Amino acid sequence: MTEELDLTRQDSDEGSEELVLTPAELIERLEQAWMNEKFAPELLESKPEIVECVMEQLDHMEENLKRAKKEDLKVSIHQMEMERIRYVLSSYLRCRLMKIEKFFPHVLEKEKTRPEGEPSSLSPEEFAFAKEFMAHTETYLKNVALKHMPPNLQKVDFLRAVPKPDLDSYVFLRVKERQENILVEPEADEQKDYVIDLEEGSQHLIRYRTIAPLVASGAVHLI
C-alpha cells in the first residue's frame with residue numbers, strides 16, 4: 001500500500017495547508033505524537049487530522065485484507081501491523097484522556113485564554129469531554145461533601161485545588177533539527193543562565209519548560 005494520503009493542517013496566516021503523506025509517513029507521525037504525548041508533562045497540541053487519517057487507513061487496510069486469500073502469508077503480517085497501529089492509536093488517545101482528567105481545570109483554562117489563531121490542545125470531542133468531566137466532578141463534590149459544609153466553604157476553586165502539570169520535570173529528547181542559542185534556566189538561584197546548541201541527532205536530558213516550544217514545532221522529539 002503505497003498510495004498517498006492528504007493531511008490538512010490549519011494555518012493561522014494562510015487558512016489551511018495540505019500535506020501529502022505516504023501511509024508509512026502517516027504512521028511515523030502518529031508514533032512520534034504518541035511518544036511526545038507519553039513523555040511530556042502537559043497536554044500537547046491536538047492532532048485530530050492524524051487520528052482521522054490513521055483510522056481511515058486502518059479501514060482501508062481491513063477492506064484489502066477481506067479481499068486477500070486467507071492462506072497468503074501477507075495477510076497475517078498485515079493483521080499484526082494493523083493490531084500494532086491500533087495499539088499505538090488507542091494508547092495515544094488514552095494518554096491524552098488521562099491528562100485531561102488529571103489536569104482538567106488547567107486544560108480548560110488554557111483553552112479559554114488561548115490567543116486566536118494558536119493551535120488548540122483539545123479536539124472538539126476532547127473539549128466536550130473535559131467540560132463534562134468538570135461538571136460531573138463539581139456535582140459529585142456538592143452532593144457528597146460540599147452541601148454539608150458551611151456556606152462560605154461550599155465552593156471549590158479547581159484551579160487551586162488541582163495541581164498543575166510540572167513543566168520543570170526533566171525529559172529525554174532527540175534533536176531532529178539543529179537548534180542554536182537555547183537558553184537554559186539555572187536550577188539554583190546562585191547559578192546563571194547559560195546558552196547551549198543542540199546538534200541534529202544528539203540526545204539530551206533537559207528541563208521540559210526549556211524545550212517545550214521545540215517539541216511543539218517538531219524540532220525535537222521526546223524519547
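Nearest 0.05, what FRET efficiency do Glu62 and Leu93 give at R0 = 22 Å with Cβ-Cβ as r? Intermediate results must be reported in sequence, preceding the final value.
Values: r = 19 Å, r/R0 = 0.86.
Calculated transfer efficiency: 0.70.
In a Gaussian network model over the chain where Cα atoms closer than 10 Å are linked, find which of Gln179, Gln154, Gln79 has the largest mean-square fluctuation.
Residue with maximal mean-square fluctuation among Gln179, Gln154, Gln79: Gln154.
Anything over 25 Å Cα to Cα? Flag those among Lys142/Lys164; Lys102/Lys176; Lys47/Lys99, in the order listed.
On the way: Lys142/Lys164 23 Å; Lys102/Lys176 30 Å; Lys47/Lys99 15 Å.
Correct reply: Lys102/Lys176.
Compute the signed sum of charges (Lys and Arg +1, Asp and Glu -1) over the other residues within less than 11 Å, Cβ to Cβ, of Ser46.
Values: positive: Lys47, Arg96; negative: Glu37, Glu45, Glu49, Glu111, Glu125, Glu126.
Summing Lys/Arg as +1 and Asp/Glu as -1 gives -4.
With charges only on Cβ, +1 for K and R and -1 for D and E, what is the dipole size of the stretch 8-134 about its Cα centre, in debye, rounded to 20?
Details: 19 positive and 29 negative charges, 147 e Å.
I would put it at about 700 debye.
Calculate the length of the line joining the C-alpha centroid of the stretch 89-122 to that of the stretch 155-223, in whole Å.
19
Keeping every protein chain present and rolling a 1.4 Å probe, give me the accessible area per residue for the chain in Å². Kindly include the intermediate steps, with their values, before the conclusion.
Numbers: 14690 Å² over 223 residues.
That works out to 66 Å² per residue.
Please work out, to two decimal places, the log10 of the ratio I(q)/I(0) at q = 0.08, 0.11, 0.15 Å⁻¹ from a Debye calculation in which every Cα of the chain carries one identical scatterer.
Results for the chain at q = 0.08, 0.11, 0.15 Å⁻¹ read -0.41, -0.73, -1.13.
Excluding ligands and nucleic acids, what accessible area in Å² is computed for Glu56 using a 1.4 Å probe, to the nearest 10?
Approximately 100 Å² of Glu56 is accessible to the 1.4 Å probe.
By how many degrees, between 0 and 90 and to the nearest 10, does the Cα long axis of helix 124-144 differ from the longest principal axis of the chain?
So the helix axis and the longest Cα principal axis differ by about 40 degrees.
Could you work out how much longer the chain between Ile223 and Lys131 gets when fully extended? Use 0.36 nm per residue separation minus the Cα distance between them, nm to one decimal. The partial results should precede the final answer.
On the way: separation 92, 0.36 × 92 = 33.12 nm, distance 3.09 nm.
Taking 0.36 nm per residue and subtracting the Cα distance, the gain is 30.0 nm.
What shape does the stretch 84-196 have by the C-alpha gyration tensor, where a ≥ b ≥ c are the square roots of the eigenvalues, rounded means a/c under 1.5, and otherwise prolate means a/b greater than b/c and oblate the rest? Mind showing how you got there, number by number?
Numbers: a/c = 2.45, a/b = 1.50, b/c = 1.64.
Oblate shape, in that a/c is at least 1.5 and b/c is the bigger or equal ratio.
Treating only the Cβ of Lys, Arg, Asp and Glu as charged (+1, +1, -1, -1), what charge dipole size does the chain show about its Cα centre? Round to the nearest 20 debye.
Values: 30 positive and 46 negative charges, 279 e Å.
So the magnitude is around 1340 debye.
The values are calculated or read from the model by the stated rules, or taken from the named source; none is laboratory data. Because the structure is a prediction, the values reported are computed rather than measured. Quick reminder, even Gly has a Cβ in these numbers, built from the backbone with ideal geometry, and neighbours come from all protein chains shown. For accessibility, only protein heavy atoms count, side chains too; no ligands or nucleic acids. Shrake-Rupley method; radii C 1.70, N 1.55, O 1.52, S 1.80 Å.
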